Amino acid sequence: MSACVAVVHQGLPCLQLRLGQGDSALVSLHGAQVLSWVAGGRERLFLSPRSVLDGRAAIRGGVPVCFPQFNQRGSLPKHGFARHRRWSVAQADPLERPATDGQVACELTLTSDADTLALWPHPFLARLTVTLSAGQLRVGLAVHNTGQQDLAFTGALHTYLAVDDIAAVQLRGLGGQPEWDAVSDTRGQAAEVLGVDGEFDRVYQAAPQALTLEEAGRTLRVAQSQGFEHTVVWNPGASQCAKLADMPADGYRQMLCVEAAQVYTPITVAPGQVWQGWQQLTVA
Ligand code: TA6
């Protein structure tokens with residue numbers, strides 16, 4: 001039987017999605033952050049064992065929701081405020097929704113309030129939908145402009161994929177796409193196969209087709225909607241990782257962020273309108 005149940009994970013209120021065949025996902029209300037996705041008996045997301053799970057700090061790993069700002073491209077806290085806030089279980093309460101066997105979903109919402117309006121003067125309703133099916137996780141973000149003026153935002157689904165050894169990982173599918181290397185501040189075109197050897201922080205024009213992350217004969221497909229114009233690939237490497245208090249020294253070896261993102265040009269949502277975007281991970 002598929003199910004969506006409320007659980008507490010290391011003190012954090014969460015929703016756990018489960019399928020009868022054994023796949024599962026864990027979603028924290030803090031940040032609406034997917035913390036775990038187990039498919040085929042293997043954990044597919046990286047969650048730092050040194051993450052601060054105090055219900056205030058950003059959690060290092062899983063799928064952080066960066067909204068309404070990507071990185072430091074604006075005056076808001078880095079990657080926006082959504083990952084620092086507690087989201088609500090949506091009105092259509094997944095705990096009371098019949099779960100069809102083979103697929104289960106949950107929805108969390110974040111609504112503007114006095115605190116967000118003090119930081120960012122736009123009324124909004126953000127909705128994160130997590131859908132689990134066999135071998136597949138889909139994370140959808142919708143942004144509803146509930147105000148009277150246009151709102152414009154950047155952001156990302158900042159997914160930390162788990163890998164056994166970053167040195168053995170190959171990412172395919174971005175070949176030829178425009179690339180900005182944030183480490184060297186240079187522009188170019190993506191190679192057919194991307195490998196990581198040291199700090200890696202690059203923004204790509206999103207490819208029309210899904211990417212594949214390959215390691216030791218295993219393949220994960222990473223697809224994103226056209227709503228996100230960019231794909232960001234990030235690994236801190238040993239030296240930057242050592243500066244991250246919430247990462248173990250060798251944590252960079254076990255992760256690669258492949259993010260569905262909007263980096264350069266903000267997305268504009270007219271009053272009353274809704275923008276939607278998603279990222280989908282599939283075990284191939
Ligand atoms: O998406 C890549 C990036 O913007 C990197 O530049 C790096 O800073 C990373 O996000 C993590 O940011 P965080 O604030 O979570 O440490």
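Brief remarks on what is shown
- Any hit, region 258-279, residues being without any contact (Cβ under 8 Å) to a residue 24 or more places away in the chain and either hydrophobic (A, V, I, L, M, F, W, C) or surrounded by fewer than 17 Cβ atoms within 10 Å (Cβ to Cβ) (or both): no
- Verdict on GLY176 being of a type in the set (Gly, Ala, Ser), outside any strand (DSSP E or B), within 22 Å of ASN71 (Cα to Cα) and out of contact with any Cys (no Cβ under 8 Å at 6 or more places or on another chain): no
- Residue, farthest from THR265 (Cα to Cα), within region 46-56, restricted to residues that are exposed (fewer than 15 other Cβ atoms within 10 Å of the Cβ) and free of Cβ contacts under 8 Å to residues at least 60 places away in the same chain: ASP54
- Some residue of region 127-138 being in a strand (DSSP E or B) and within 16 Å of the ligand (Cβ to nearest atom): no
- Single match in GLY198, GLY175 (criterion: more than 24 Å from ILE59 (Cβ to Cβ) and either among the basic types (Lys, Arg) or more than 16 Å from the ligand (Cβ to nearest atom) (or both)): GLY175
- Residues of region 201-256 satisfying the condition of being farther than 20 Å from ARG187 by Cβ and of a type in the set (Asp, Glu): GLU214, GLU215, ASP246, ASP250
- Restricting ASP185, ASP197, ASP201, ASP164 to residues that are surrounded by fewer than 20 Cβ atoms within 10 Å (Cβ to Cβ) and touching a Lys or Arg at 6+ places or on another chain (Cβ under 9 Å) narrows the list to ASP164.
- Only one of the listed residues (ASP185, ASP197) is out of contact with any strand residue (DSSP E or B) (no Cβ under 9 Å at 6 or more places or on another chain) and more than 23 Å from GLN262 (Cα to Cα). That residue is ASP197.
- Within region 57-73, one or more residues are among the polar types (S, T, N, Q), in contact (Cβ under 8 Å) with a residue 60 or more places away in the chain, farther than 20 Å from LEU281 by Cβ and out of contact with any Gly (no Cβ under 9 Å at 6 or more places or on another chain).
- Set VAL65, VAL52: member being of a type in the set (A, V, I, L, M) and closer than 22 Å to VAL222 by Cβ: VAL65
- Residue list for region 20-44, filter: surrounded by 22 or more Cβ atoms within 10 Å (Cβ to Cβ) and over 26 Å from ARG85 (Cβ atoms): ASP23, ALA39
Since every read-out is calculated from the coordinates, none of them should be taken as a lab result. These figures come from a predicted structure and were not determined experimentally. Here the Cβ is made from the backbone with ideal geometry for all residues, glycine too, and neighbour counts use every protein chain on show.
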